[in-house]
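Q: Before I ask anything, here is the structure I am working with.
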Amino acid sequence: MSGKPDDLPRLNRPGDAPQPGIGIVHLGLGAFFRAHGAIYLEEAMAKSGGDWGVVGVSLRHADLRDRLMPQDCAYTACELGPEGETLHVGTAVQSVLVAPEDPEAVLDAMARPQTHIVSLTVTEKGYCHAPSTGRLDFAHPDIVADLADPAKPVSAIGFLCRALDRRRMAGLRPFTVLTCDNLPENGAMLRGLVLELAGRMDADLAGWIEAECSFPCTMVDRIVPATTDADIARLAEQTGVYDAAPVFHEPFRQWVIEERFVDGTRPDLGAVGVELTDDVRPYEHMKLRCLNGTHSALAYLGYLAGAETVSEAVARPALTRFIRHLWANEIIPVLTPPPGVDLHTYTDKLMERYANPGIRHRNWQIAMDGSLKLPQRLLGSIAENLSAGRVPKGLLLVVAAWMRYTSGTGEDGQPIDVRDPMADRLRAIWDRGGSLEDTVSGYLDIEEVFLPSLARDPAMRGGLAEALADLMENGAETAAGRFSGTP
Ligand code: CS2
């Protein structure tokens, strides 16, 4: 933790901040939730009241608790617009628990009758699933541990099962499980995962969850890069107050939620701009494929081409044209827009968001965990293009760039710090040597990432080998520069 300068006071909860009762336990208290969901909740309570205060849970580390508790869980949310910044002190979070230190306290919070929602931002790897199928990975060490000792859960899924069981045994209603991660049909998928684990624990529990519990699907959107020590120091200098846990985010935000809460009990989110709908799928497809898909494209190609951040990457004309090509020719043609949305207007706005110079979103951060991100961001669009008889060469170049990135060596010959649960396995494909076709085959054989139907497609195989050869020979910027950007 960057130290507090002695001469500066510590940020604290403003004296007039409301003190709502706790209605929500949030698993995975990262920067994203504090810059997105927590702000909406605060606004909803200010507008319509309700006890929707949040207990945040860190599932792994104590660091954020140690930063937030000394400042009464208040933190600065710093909005970075193209014309300057505005500061707000966020106060929806009331306390923070660290699951490995005291799993019982987390279960107690989840099982309290006043808790109506358990929300999650645990990132893709927090779901312990196989991304190609959305099924639970029973070999995952956290799931193995949860089955060995269900009373002391480790994974988010384990906590959900155990806490729901406590409520069932106490004769309480279940809570609504509100996942806010970038996964396809996230609520339905999480429901399936919880039912798989609960089914192994106790068939009655699984039956009760199936009948009584609710897992709305959601689409969440706001660009929130990880906070750095330099951000913390700069903010302290600017405000004269030391905040150990600020968040930095863009002005844009969107939250679309399937209107399906247990007993209809929820904060008045509709009053503060959250869209409540019967079907989140078109919103989710639009966002995961148009935004996250091209974010990953910029992350891999941009990193390889030597651009540190997203805004630096889109300052390169070859990469901007490439992203526009992806939207116009390979992504939008296989999307059904949400009602009243023009996808070309939506993607024009995305380009403006990427170019925001106030946001320093590192390509390296977005490149993380690609093995869990590719299916929903890129592979769905690829499969649908192939079914329509088109070879989406741009999207294949992005997948090839992920392959090259996960080789662990950049175009400059320098090592890449690849963060991915499969990093060793991916690196081993390159270590085996052989032709680029062999390397492509090695990747396509990973069934957790590529469904066999896609992996077997000769156009997929051939296109990837061609794209990888181009990348290895000519580099990312030249390979991306072959795409013109117009339909
Ligand atoms: C990004 C997302 O890190 C990543 O993988 O693509 O966190 C992205 O910034 C958000 O989904 C935007 O809503």
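The values are calculated or read from the model by the stated rules, or taken from the named source; none is laboratory data. The structure presented is a predicted model; accordingly, all values stated were derived computationally and were not measured. Ideal geometry is used to build each Cβ from the backbone, glycine not excepted, and the neighbour counts take in all protein chains shown. Just so you know, the surface numbers come from the protein's heavy atoms only, side chains and all, with ligands and any DNA or RNA stripped out. Shrake-Rupley method; radii C 1.70, N 1.55, O 1.52, S 1.80 Å.
Q: Scan the stretch 289-306 residue by residue and report those that are of a type in the set (A, V, I, L, M) and either surrounded by fewer than 23 Cβ atoms within 10 Å (Cβ to Cβ) or more than 10 Å from the ligand (Cβ to nearest atom) (or both).
A: Residues satisfying the conditions are Leu291, Ala297, Leu301, Leu304, Ala305.
Q: Does the stretch 360-382 hold any residues that are over 12 Å from Pro131 (Cβ atoms), within 12 Å of the ligand (Cβ to nearest atom) and of a type in the set (S, T, N, Q), and which are they?
A: Asn363, Gln365
Q: Now a separate question. I'd like to check something: does the stretch 142-152 contain any residue that is open to solvent by less than 40 Å² (accessible area, probe 1.4 Å) and within 16 Å of the ligand (Cβ to nearest atom)?
A: Within the stretch 142-152, not a single residue is open to solvent by less than 40 Å² (accessible area, probe 1.4 Å) and within 16 Å of the ligand (Cβ to nearest atom).
Q: Looking at the stretch 449-476 only, could you name the residues that are under 28 Å from the mean Cα position of the chain (by Cα) and surrounded by fewer than 18 Cβ atoms within 10 Å (Cβ to Cβ)?
A: Those that are under 28 Å from the mean Cα position of the chain (by Cα) and surrounded by fewer than 18 Cβ atoms within 10 Å (Cβ to Cβ): Leu451, Pro452, Ser453.
Q: Quick check: anything in the stretch 141-151 assigned to a loop (DSSP other than H, G, I, E, B), among the hydrophobic types (A, V, I, L, M, F, W, C) and under 24 Å from the mean Cα position of the chain (by Cα)?
A: No, because not a single residue in the stretch 141-151 is assigned to a loop (DSSP other than H, G, I, E, B), among the hydrophobic types (A, V, I, L, M, F, W, C) and under 24 Å from the mean Cα position of the chain (by Cα).
Q: Could you tell me which of the residues Ala44, Ala62, Ala38 is of a type in the set (Gly, Ala, Ser) and out of contact with any Asp or Glu (no Cβ under 8 Å at 6 or more places or on another chain)?
A: Ala38 is the lone residue from the list that is of a type in the set (Gly, Ala, Ser) and out of contact with any Asp or Glu (no Cβ under 8 Å at 6 or more places or on another chain).
Q: Quick check on the stretch 275-288: of everything there that is among the charged types (D, E, K, R) and within 14 Å of the ligand (Cβ to nearest atom), which residue is surrounded by the fewest Cβ atoms within 10 Å (Cβ to Cβ)?
A: Lys287
Per-residue answers, yes or no, for (1) within 18 Å of the chain's Cα centre (by Cα); (2) within 27 Å of Pro174 (Cβ to Cβ); (3) away from the ligand (no atom under 16 Å from the Cβ):
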position: Asp204; (1), (2), (3): no, yes, yes
position: Pro216; (1), (2), (3): yes, yes, yes
position: Pro225; (1), (2), (3): yes, no, no
position: Ala245; (1), (2), (3): no, no, yes
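Q: Consider only pairs whose beta carbons are under 8 Å apart and that are at least six residues apart or on different chains; among these, list those whose first residue lies in the stretch 255-266 and is closer than 19 Å to Thr121 by Cβ and whose second residue is of a type in the set (Gly, Ala, Ser) and open to solvent by 20 Å² or more (accessible area, probe 1.4 Å).
A: Partner pairs satisfying both residue conditions: Trp255/Gly273.
Q: Further, regarding this structure: Scan (1) at pLDDT 95 or above; (2) assigned to a loop (DSSP other than H, G, I, E, B); (3) surrounded by fewer than 17 Cβ atoms within 10 Å (Cβ to Cβ) for the single condition Cys73 breaks and write down its number.
A: Condition (3) is where Cys73 drops out.
Q: What is the residue count in the stretch 215-237 for residues that are open to solvent by 10 Å² or more (accessible area, probe 1.4 Å) and in contact with a Ser or Thr (Cβ under 7 Å, 6 or more places away or on another chain)?
A: 2
Q: Still on this structure: In the list Val106, Val122, which residue meets the criterion of being part of a loop (DSSP other than H, G, I, E, B), touching a residue at least 12 places away in the same chain (Cβ under 8 Å) and crowded, with 19+ Cβ neighbours inside 10 Å?
A: It is Val122.
Q: Let me ask something additional. Considering only the stretch 263-298, state which residues are within 18 Å of the chain's Cα centre (by Cα) and of a type in the set (A, V, I, L, M).
A: Of everything in the stretch 263-298, those that are within 18 Å of the chain's Cα centre (by Cα) and of a type in the set (A, V, I, L, M) turn out to be Val280, Met286, Leu288, Leu291, Ala297, Leu298.
Q: Tell me, which helices (runs of 4 or more DSSP H) lie completely within the stretch 334-441 with 1 or more residues that are surrounded by 14 or more Cβ atoms within 10 Å (Cβ to Cβ) and more than 20 Å from the chain's Cα centre (by Cα)?
A: 343-355, 380-387, 393-405, 423-431
Q: While we're here: In this structure, does Val89 turn out to be more than 16 Å from the ligand (Cβ to nearest atom), within 22 Å of the chain's Cα centre (by Cα) and of a type in the set (A, V, I, L, M, F, W, C)?
A: So Val89 fails the test.
Q: Residues Arg112, Arg10, Arg34, Arg65: which one is open to solvent by less than 30 Å² (accessible area, probe 1.4 Å) and charged (D, E, K, R)?
A: Selected residue: Arg34, the only one of Arg112, Arg10, Arg34, Arg65 that is open to solvent by less than 30 Å² (accessible area, probe 1.4 Å) and charged (D, E, K, R).
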